[in-house]
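First comes the structure, then the notes that go with it.
Bear in mind these aren't lab numbers, they're just calculated from the coordinates by the rules spelled out. Worth saying up front: this structure is predicted, and the values here are computed from it rather than measured.
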């Protein structure tokens, strides 16, 4: 029994030492590997052959700047990832940070850890202005919801696959009798095209993403973004689990930036007139 306990303790200490070595690994490598999810403007996106841009990317750069204080001449390597693949890459130590419109939830925290929040939003719907009135009533204030007999036709709602929003909708529809069908898409752009081509009646995603997506429509005036939120989505940067020191470094870098004179102008760059409200929300949620 004594030998068993000693072996168990040795394994635990070994695992903790390995997991807590993020900064040491980066320093030894001389490069911080920043994973990002493309197609998530204004948070993270990239054209072929160029470095990614976006609000979350800029915040990851601030964390890299903080690492550089301890590792001079640090290089930055950007690695495009899928959402599911990105979490695996963090867990397997293939990347050090994962940036994008990444929602924090308990299931994901079984795999990765997260920084303090970088954004707060919720899911809504992008609709055609002639989408079924039942859906208009669900997602837009001031719209009339028809009675059950008036909404017997099947509605098709699209969403990006493997997102928290997709999971929430599937859970809700599983426990209620509904004629609504769900359609998965690999990218938000695919969902937008399906909505414009009338293959779906609504496209669900986080509201801030939908606002940006609608601007890229063939005819933005034919679409409307819902003002009712059906989920709560706090965004953060994904980090390796069991490394409190590295998470502290990331949170310290974010807090220093949030409290600087540069933060509000950055929000204005990506979110325009919404920036002051967003600034207040993030400051209220930040780790002091």
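Give me the mean projected area, in nm² to one decimal, of the convex hull enclosing the Cα positions of region 218-288.
Its average projected convex-hull area is 7.3 nm².
Taking the chain as the reference, fit the longest principal axis to its C-alpha atoms, fit the long axis of helix 2-19 to the helix C-alpha atoms, and give the angle between the two in degrees, 0 to 90, nearest 10.
Relative to the chain, helix 2-19 is tipped by roughly 70 degrees.
What does region 175-234 give for Rg and for Dmax, in Å, if only its C-alpha atoms count?
Rg, Dmax (Cα atoms, Å): 12.3, 36.
Give me the one-decimal Kirkwood hydrodynamic radius in Å for the chain, with the sum taken over alpha-carbon pairs.
Value: 20.6 Å, from the Cα pair sum.
Can you tell me the mean projection area, over all orientations, of the convex hull of region 72-149's alpha carbons? Units nm², please.
Over all viewing directions, region 72-149 projects a mean Cα-hull area of 9.2 nm².
Computed from the mean reciprocal separation of all distinct C-alpha pairs, what Kirkwood hydrodynamic radius does region 160-288 have, in Å?
Over region 160-288, the inverse of the mean reciprocal pair distance is 17.6 Å.
So which residue, out of 73, 40, 136, gets the largest mean-square fluctuation from a GNM of the chain using Cα contacts under 10 Å as springs?
73
Rounding to the nearest 10 and keeping the result within 0 to 90°, find how far the Cα-based axis of helix 244-258 lies from the longest principal axis of the chain.
Helix 244-258 and the main axis of the chain meet at about 60 degrees.
Round to the nearest 10 and give me the degree value, 0 to 90, for the angle of helix 164-174's Cα axis relative to the longest principal axis of the chain.
Helix 164-174 and the main axis of the chain meet at about 50 degrees.
Which value at 222 nm does the chain reach when only helices count, each DSSP H run of 4 or more adding -39,500 (n - 2.57), with the total divided by all residues and rounded to the nearest 500 deg cm²/dmol?
After summing the helix terms and dividing by the residues of the chain, the value is -12500 deg cm²/dmol.
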